Structure formats: C-alpha cells, structure tokens
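S.K.: Please read through the structure below; I'll follow up with questions.
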Amino acid sequence: MPVTDVKHDLENLTLTITADFAAPVRRIWQIYADPRQLEKVWGPPSHPATVVDHSLTPGTRTTYFMTGPDGEKYAGYWDITAVDEPTSFSFRDGFADTDMNPNPDLPVSENTFTFTEHEGGTRAVYVSTFATAEGLQQVLDMGVVEGSTSAINQIDGLIAS
C-alpha cells in the first residue's frame, strides 16, 4: 500500500498523508495533471470521480463529482493557486452543489501536494490545512482519512496498467 503515514493535528489544523510510489516524480505528476487519470484515483473505489473541468494552471477551477454506490453524487472543486511542475501544486479544495457552486456550509481546505524523489521512486506528501479545528474535525468525521487513503492507494494500480 502506498500510504505510509497519516497524521491529523487539530492544534495546527492540518491533515498530512504521506505515500511512496514505485514510479518517477514525472509519472505521479501526470496522474494529477491529466483529468482522465485523476478521476481514476481521486475518489475512493466506492465513490469513483468524474472530472468535469481540470487544468493545473494557477487561477483555474477544477470541478468534479463522486458517485456513490446508490447513484448519489457529491460535487467538489479545486481553485488552483500555485503550480511548480512536476514537484508540487497548491489549491483550495471545497465541497459544491450539483451545479458546481461552492457549498458555504462545509469546510474549505488549503492544500499542497508535493512530489520528491525517494528511494528510486516518488514520495508524495499531501497537506490539507483548515481554517478551524471544527472544519478539520468535520471532514475527519465524514471519513476523509479512510476515503483519501483508499483513493491514493489506487495509484499503484494505475501506474502498473
């Protein structure tokens, strides 16, 4: 399993997930840059993602939805804030309604995904920072650790295909 560590820190308002992949940095970057590859790993297996709009370019908005086993749809967005290809990108991640409008009732996180060479492969560090401890706790209670871990763990299968 690629995910090697998960830490949530309510004091510093962060959730950090670390994963190691047996692929070069550029290959891992491609997964996040290509919407068709991204949708194979963004949602957990039980809630596959469909990416509607996506460009890893500062100032753009990525929109997507995940479809649950009963057909229910959960929408979200990324506002891309910084890109340093192929080693990192940052974005605001939020929940949306079915028309892709941000849902102000759910927390927004500031995220930085970093990819570095590590033992012949890539170490990915995913850091999400929340405005409040309540916001972080809310997504923890929604199962973000389990969902993110199972989503990230799908990358090995994509790399192998």
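The values are calculated or read from the model by the stated rules, or taken from the named source; none is laboratory data. Predicted model, so just to flag it, every value in this text is computed and none were measured. Every residue, glycine as well, gets a Cβ built from its backbone with ideal geometry; the counts of neighbours run over all protein chains shown. These area figures cover heavy atoms from the full protein model, side chains too; ligands, DNA and RNA do not enter into them. Shrake-Rupley method; radii C 1.70, N 1.55, O 1.52, S 1.80 Å.
S.K.: Among residues belonging to the range 105-133 that are touching a residue at least 12 places away in the same chain (Cβ under 8 Å) and charged (D, E, K, R), point out the one that is farthest from residue 76 (Cα to Cα). Spell out how you get there, then give the answer.
M.R.: In the first step, residues of the range 105-133 are kept if they are touching a residue at least 12 places away in the same chain (Cβ under 8 Å); the result is 106-133.
Cutting the leftovers down to charged (D, E, K, R) gives us 110, 117, 119, 123.
Working: 110: 14, 117: 30, 119: 34, 123: 26 Å.
Top of the filtered list is 119.
S.K.: When residue 17 is evaluated against the numbered criteria (1) at pLDDT below 95; (2) open to solvent by less than 70 Å² (accessible area, probe 1.4 Å), which criterion, by number, is the only one it fails?
M.R.: Failing condition for residue 17: (1).
S.K.: Do we find a residue being more than 14 Å from the chain's Cα centre (by Cα) and within 20 Å of residue 32 (Cβ to Cβ) anywhere in the range 137-146?
M.R.: Looking for residues that are more than 14 Å from the chain's Cα centre (by Cα) and within 20 Å of residue 32 (Cβ to Cβ), one finds none in the range 137-146, hence no.
S.K.: Is there a residue being touching a Pro at 6+ places or on another chain (Cβ under 8 Å), open to solvent by 40 Å² or more (accessible area, probe 1.4 Å) and within 19 Å of residue 148 (Cβ to Cβ) anywhere in the range 99-111? Step through it out loud before you land on a result.
M.R.: Narrowing the range 99-111 to residues touching a Pro at 6+ places or on another chain (Cβ under 8 Å): 108.
Applying the additional criterion that residues be open to solvent by 40 Å² or more (accessible area, probe 1.4 Å) yields 108.
Keeping just the survivors that are within 19 Å of residue 148 (Cβ to Cβ) gives 108.
The answer is yes; a qualifying residue exists.
S.K.: Then there is this: From the list 41, 6, pick out the single residue that is surrounded by 13 or more Cβ atoms within 10 Å (Cβ to Cβ), assigned to a loop (DSSP other than H, G, I, E, B) and in contact (Cβ under 8 Å) with a residue 60 or more places away in the chain. Talk me through it step by step, then tell me what you get.
M.R.: Numbers: 6 fails: assigned to a loop (DSSP other than H, G, I, E, B).
Going through 41, 6 in turn, just one is surrounded by 13 or more Cβ atoms within 10 Å (Cβ to Cβ), assigned to a loop (DSSP other than H, G, I, E, B) and in contact (Cβ under 8 Å) with a residue 60 or more places away in the chain: 41.
S.K.: Select from the range 56-92 the residues that are among the acidic types (Asp, Glu) and free of Cβ contacts under 8 Å to residues at least 12 places away in the same chain and write down the one among them that is most open to solvent (accessible area, probe 1.4 Å). Quick ask: steps written out before the conclusion?
M.R.: Step one: list which residues in the range 56-92 are among the acidic types (Asp, Glu), which gives 70, 72, 79, 84-85.
Keeping just the survivors that are free of Cβ contacts under 8 Å to residues at least 12 places away in the same chain gives 70, 72, 84.
On the way: 70: 140, 72: 57, 84: 86 Å².
Filtering the range 56-92 for residues that are among the acidic types (Asp, Glu) and free of Cβ contacts under 8 Å to residues at least 12 places away in the same chain, the one most open to solvent (accessible area, probe 1.4 Å) comes out as 70.
S.K.: Let me ask something additional. Scanning for something modelled with pLDDT of 95 or more, of a type in the set (Val, Ile, Thr) and open to solvent by less than 30 Å² (accessible area, probe 1.4 Å), does the range 121-139 turn up at least one residue?
M.R.: Taking every residue of the range 121-139 in turn, at least one turns out to be modelled with pLDDT of 95 or more, of a type in the set (Val, Ile, Thr) and open to solvent by less than 30 Å² (accessible area, probe 1.4 Å).
S.K.: Kindly indicate whether any position in the range 145-159 is open to solvent by 30 Å² or more (accessible area, probe 1.4 Å), part of a loop (DSSP other than H, G, I, E, B) and under 23 Å from residue 55 (Cβ atoms).
M.R.: Yes: the range 145-159 contains one or more residues that are open to solvent by 30 Å² or more (accessible area, probe 1.4 Å), part of a loop (DSSP other than H, G, I, E, B) and under 23 Å from residue 55 (Cβ atoms).
S.K.: I need the full set of residues from the range 44-55 which are open to solvent by less than 40 Å² (accessible area, probe 1.4 Å) and in a loop (DSSP other than H, G, I, E, B), in order please.
M.R.: At the first step, the residues of the range 44-55 found to be open to solvent by less than 40 Å² (accessible area, probe 1.4 Å) are 44, 49, 51, 54.
44, 54, listed by residue number.
S.K.: Also, quick follow-up: Failed condition for residue 95, given (1) surrounded by 12 or more Cβ atoms within 10 Å (Cβ to Cβ); (2) in contact (Cβ under 8 Å) with a residue 60 or more places away in the chain; (3) more than 12 Å from the chain's Cα centre (by Cα); (4) outside any loop (DSSP other than H, G, I, E, B), with all others met?
M.R.: Unmet condition: (2).
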